[in-house]
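The values are calculated or read from the model by the stated rules, or taken from the named source; none is laboratory data. What you are looking at is a predicted structure, and each value in this text was computed from that prediction instead of being measured. As a convention, Cβ positions derive from the backbone with ideal geometry for all residues, glycine included, and neighbour counts pool all protein chains shown.
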Amino acid sequence: MNKGYSLLLVGCLTAFTASVAFAAGESSLPSDLQDLKSEVLSLNRDVTQLESELLFPSSSTTVLMGVNAGSKIRLVDVKLSVDDQIVSYHAYSEQETAALGKGGLHRLFMGNVSSGAHTMQAVITAYDSAGKDFQRTVNYSFSKNSLRKIVEIKAGDDNSKVQPALFNFREWESKN
């Protein structure tokens, strides 16, 4: 509901109240109109605030996928679940893989997540630095409050060669 409709609503209610009060012959018309106007303005403020929260929620959570710059890992696809619900799947093209290899980030998920504790699971299929394909499931727990949460999953080479790749998580919060 925009401000034009709100002002129209205030005007219509004021006119309606004035005509009803005039027909009834009430003498307290100005104070009743002032009370009604205050109530309508209060409702308008509440509706505007709700509209803003719905259009621009501060409770959103974003999950980003990246690869350490210079890493030889090539992502094939990622399936992301939050609280055991699949929220995203993406298969990477050669151009996307090249961009990730240069330090780029891909937004896997952006949505509203309620406040509280949550678990995230990513099933990642990729090629390691030797060109051998592998699939890893990585889990991460995070706590969400009223601020916007951003979680980054970053793949990198395992220099010890114990695993095909290492996956690190980083998170931060933002007011906007």
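Of everything in region 132-172, what is of a type in the set (A, V, I, L, M, F, W, C), within 18 Å of ASP83 (Cα to Cα) and under 20 Å from the mean Cα position of the chain (by Cα)? Give them in sequence order.
Once the filter is applied, which keeps residues that are of a type in the set (A, V, I, L, M, F, W, C), within 18 Å of ASP83 (Cα to Cα) and under 20 Å from the mean Cα position of the chain (by Cα), region 132-172 yields PHE142, ILE150, VAL151, ILE153, PHE169.
Tell me which residues, restricted to region 66-94, are over 18 Å from TYR127 (Cβ atoms) and assigned to a strand (DSSP E or B).
LEU80, SER81, VAL82, GLN85, ILE86, VAL87, SER88, TYR89
Restricting attention to region 117-137, report how many residues are basic (Lys, Arg) and on the phi > 0 side of the Ramachandran plot.
0
Yes/no per residue for (1) modelled with pLDDT under 90; (2) within 19 Å of VAL151 (Cβ to Cβ); (3) not aromatic (Phe, Trp, Tyr):
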site: GLU53; (1), (2), (3): yes, no, yes
site: SER58; (1), (2), (3): yes, yes, yes
site: LYS72; (1), (2), (3): yes, no, yes
site: LEU75; (1), (2), (3): no, yes, yes
site: ALA91; (1), (2), (3): no, no, yes
site: GLY103; (1), (2), (3): yes, yes, yes
site: MET110; (1), (2), (3): no, yes, yes
site: ALA117; (1), (2), (3): no, yes, yes
site: LYS132; (1), (2), (3): no, no, yes
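Could you tell me which of the residues ARG136, ARG148 is among the basic types (Lys, Arg), surrounded by 11 or more Cβ atoms within 10 Å (Cβ to Cβ) and more than 26 Å from SER59 (Cα to Cα)?
Exactly one residue qualifies, and that residue is ARG136.
Just to be sure I understand, how many residues within region 56-98 are of a type in the set (A, V, I, L, M, F, W, C) and either crowded, with 17+ Cβ neighbours inside 10 Å or under 22 Å from SER141 (Cβ atoms) (or both)?
Total meeting the criteria: 11.
May I ask you to verify whether ALA126 is touching a Leu at 6+ places or on another chain (Cβ under 6 Å), over 13 Å from LYS72 (Cβ atoms) and in the same structural domain as SER71 (by TED's automatic domain parsing)?
Against the criterion (touching a Leu at 6+ places or on another chain (Cβ under 6 Å), over 13 Å from LYS72 (Cβ atoms) and in the same structural domain as SER71 (by TED's automatic domain parsing)), ALA126 does not qualify.
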